[in-house]
Amino acid sequence: MSMRGFSFMSANVSMRGLVLTGFLVGCAALQGQVVSSAVSSASGGVPIGAAIAPAKADAAIAGALQQVSAARVKATIEKLVTFNNRSTLSSMETDLKPGTGISAAADWIESEFRRYSAECGGCLEVKRDEFIEPPQPGPASRILKPTKLTNVYAILKGTDPAQAKRMVLVTGHYDSRNSDNFNTHDAAPGANDDASGVAVSLESARVLSKLKFPSSIVFVAVAGEEQGLNGSRHLAKLAKSEGWQLEGVLNNDIVGGDTTPGDTGEDKSAVRVFSEGVPGLATIEELRVLQTLGAESDSPSRELARAVKEISASYFVSGTKRAAPAGPGMALSNAVMVVPAFHPVLIFRRDRYGRGGDHTSFNLEGWTAVRITEWRENYNHQHQNVRQENGVQYGDLLQYVDFDYVAQVARMNAAVLGTLASAPGIPRSVKMEARMQDNNTQITWEAPAGMPSGATFEVVWRDTEAPTWTNVVSAGTKTSIKLPMSKDNVTFGVRSVDAVGHRSAAVLPMPARGGGPGVPGTGAGAGVPATAPKQ
Ligand SMILES: [Zn+2]
């Protein structure tokens with residue numbers, strides 16, 4: 001059994017803040033977490049160095065997670081499989097049996113969103129975006145003629161007029177394929193790839209639409225993934241052209257928790273979260289700055305991945321259960337085993353080797369996006385004709401999907417969506433004072449648009465060799481901070497927190513002397529400067 005769940009948060013906490021300052025005044029145990037603090041005369045008494053601990057769970061979000069139902073997930077995936085073959089190309093066929101093909105699947109997904117909306121008094125704005133994808137050129141073309149694509153999505157509008165334009169988005173692709181890209185008639189069940197991801201979008205919509213959030217959440221099912229990310233590219237461009245303030249995209253693709261008899265390598269407590277380290281849109285000049293700063297691991301998408309991990313720790317806790325009998329016919333053991341908490345494992349790469357996904361469409365339009373995928377994939381159960389060969393069953397069949405696992409993935413998504421839609425936006429124009437050659441850290445920033453009253457800012461940091469944020473200090477409502485620590489020895493970030501503890505993702509400061517706006521297309525100014533620092 002994996003031990004990854006145990007290393008989460010507590011064991012990885014850095015105490016570097018104490019070592020750096022050397023002004024330790026006390027260690028205290030607070031709510032079961034070891035919290036250390038230090039005061040430096042140089043910082044004017046600002047306490048620094050508290051270890052990051054999981055935030056208290058939001059009771060309303062926790063309640064929504066309890067509503068996530070493996071039975072509902074199962075019903076959704078079973079229904080999607082009944083469409084037989086959800087190839088995007090099937091939208092152009094005229095001889096399909098009624099109730100089969102991708103267009104019938106789009107109708108059903110739309111009807112599900114409408115049903116959830118009816119249950120919340122029309123709270124969801126349900127949209128159906130149909131467009132014609134032109135043929136792709138070249139010998140590797142997977143679309144040979146103009147083809148109708150349909151994205152289906154539902155918007156849960158934010159209730160705070162000052163923040164309602166902000167959005168977080170969850171997506172999965174509802175198209176499927178078998179061994180032949182052009183096959184539109186034989187079975188292509190796509191139970192895991194990617195009915196599971198669509199079930200996460202739908203289930204998130206069903207449970208979160210019963211709540212209200214200050215900013216908006218978009219629940220999406222796209223087509224065309226298997227032909228080259230066409231549906232998601234269209235949506236990412238649409239979001240840009242319509243001026244969406246899209247702050248984070250969770251792409252769930254292959255989250256079924258493949259269950260193959262005899263496979264002992266799958267880990268049902270873990271789900272992978274892939275994120276790009278360098279923004280796909282970075283210019284040569286921007287790349288030069290990232291190289292200079294060692295900022296290859298602090299793109300907005302990677303900060304979103306870190307937020308996924310931190311938020312998950314608030315909602316998933318490890319438990320215990322009685323150990324199984326040592327053998328058949330033996331008495332139930334009295335031994336107690338620890339069951340690891342369901343947890344994301346951050347994978348610091350854009351995607352798997354030689355594979356792609358819809359998050360990349362968003363990244364390439366400048367949006368912040370990550371990919372969520374089961375721990376261990378079974379390639380006999382993806383993109384395969386349903387068949388048996390030498391006693392091996394091929395095909396993306398229902399029988400290999402673990403609906404409880406998909407429900408856990410849906411809970412993780414809903415926790416992240418609910419938290420980020422409750423949190424203030426990320427701080428803007430986050431700058432590190434770099435003109436002074438000294439051993440302090442001075443960071444300035446601007447409040448996000450529509451920052452609610454009672455919200456504050458936090459400065460977080462980690463050792464440059466550490467994967468996730470380890471230490472935090474509150475800046476209160478101030479938009480600058482000076483810390484008696486060398487800016488060169490750790491990596492800093494700044495994030496927003498609302499009055500009850502919903503945190504935004506963090507933003508890496510850029511050198512103030514270089515100036516410049518943030519990443520093109522993110523709208524929020526996170527990440528990458530426009531100009532390089534002086535040598
Ligand atoms: Zn897929």
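Some notes on this structure:
- Simple label model, 7 Å out from Cα along Cβ direction - Val336 to Arg355, nm: 3.8
- For region 65-101 versus region 248-318, the gap between their alpha-carbon centres in whole angstrom: 28
- A Förster radius of 41 Å, combined with the Cβ-Cβ distance separating Thr464 from Thr260, puts the computed FRET efficiency at roughly 0.55.
- Computed over the alpha carbons of region 202-287, Rg followed by Dmax gives 17.2, 51 Å.
- Share of carbon and sulfur in the accessible heavy-atom surface of region 404-507 [1.4 Å probe, %]: 45
- Cross-link table Lys127/Lys240; Lys148/Lys237; Lys127/Lys237; Lys210/Lys237; Lys157/Lys478; Lys157/Lys240, entries beyond 22 Å C-alpha to C-alpha: Lys210/Lys237; Lys157/Lys478
- Taking a sphere under 10 Å around the Cβ of Leu420 and counting the other residues whose Cβ falls inside, with K and R at +1 and D and E at -1, yields a net charge of +1.
- Of the residues Ala421, Phe403, Ala335, the one whose Cα sits farthest towards the positive end of the charge dipole of the chain is Ala421 (charges of +1 on Lys and Arg Cβ, -1 on Asp and Glu Cβ, taken about the Cα centre).
- Taking a span of 15 Å or more along the helix axis (Cα atoms) and a mean Kyte-Doolittle hydropathy of at least -1.0 as the rule, the DSSP H helices of the chain that qualify are 70-81, 102-119, 197-208, 230-241, 300-315, 403-422.
- Along the axis of the charge dipole computed for the chain (Cβ charges of +1 for Lys and Arg, -1 for Asp and Glu, origin at the Cα centre), the listed residues Leu149, Leu238, Leu208 are led at the positive end by Leu208.
- Efficiency of FRET between Lys97 and Asn380 - r from beta-carbon atoms, R0 25 angstrom, step 0.05: 0.40
- FRET efficiency estimate (nearest 0.05) - Cβ-Cβ, Met436 to Lys321, R0 45 angstrom: 0.20
- Long-range Cα-Cα pairs in region 159-216 (distance over 18 Å), rounded percent: 51
- Using a simple spin-label model with pseudo-atoms 7 Å out from Cα toward Cβ, Glu78 and Thr477 lie 5.4 nm apart.
- Distance between the 7 Å Cα→Cβ label points at Asn489 and Lys145: 6.8 nm.
- Here the accessible area is traced with a 1.4 Å probe on the protein chains. For region 73-201, carbon and sulfur cover 54 percent of it.
- Reported value for the chain: 163 Å³ per residue, from the convex hull of its C-alpha atoms.
- For the chain, averaging the sequence separation of C-alpha pairs within contact (under 8 Å, six or more residues apart) and dividing by the residue count gives a relative contact order of 17 percent.
- For the chain, the antiparallel share of DSSP beta bridges with both residues in that region comes to about 70%.
- Excluding the site residues themselves, the longest part of the chain lacking any chymotrypsin sites (Phe, Trp or Tyr not before Pro) in a DSSP loop with at most 16 other Cβ atoms within 10 Å is 354-535.
- Shown for region 319-376: the carbon plus sulfur share of the solvent-accessible area, taken with all protein chains present and a 1.4 angstrom probe, equals 57%.
- Of the GluC sites (Glu not before Pro) in region 274-363, those whose Cβ has at most 14 other Cβ within 10 Å and which sit in DSSP loop: Glu296
- Alpha-carbon radius of gyration plus Dmax, which is the widest Cα pair, for region 152-270 in Å: 16.5, 54
- Heavy-atom accessible surface of region 286-405, averaged per residue, reaches 46 Å², computed with a 1.4 Å probe.
- Dipole magnitude (debye, nearest 20) for the chain, charges at Cβ of Lys, Arg, Asp, Glu: 1220
- Think of it as helices only: each DSSP H run of n ≥ 4 in the chain is worth -39500 (n - 2.57), and spread over all residues that comes to -7000 deg cm²/dmol at 222 nm.
- Relative contact order (%) - criterion: Cα under 8 Å, at least six apart; region: region 318-425: 13
The values are calculated or read from the model by the stated rules, or taken from the named source; none is laboratory data. Nothing here was measured: the structure is a model prediction, and the numbers come from that model. Virtual Cβ from ideal backbone geometry, glycine too; neighbours counted across all protein chains shown. Note: accessible area is taken over every heavy atom of the protein model, side chains too, but ligands, DNA and RNA are not part of it. Shrake-Rupley method; radii C 1.70, N 1.55, O 1.52, S 1.80 Å.
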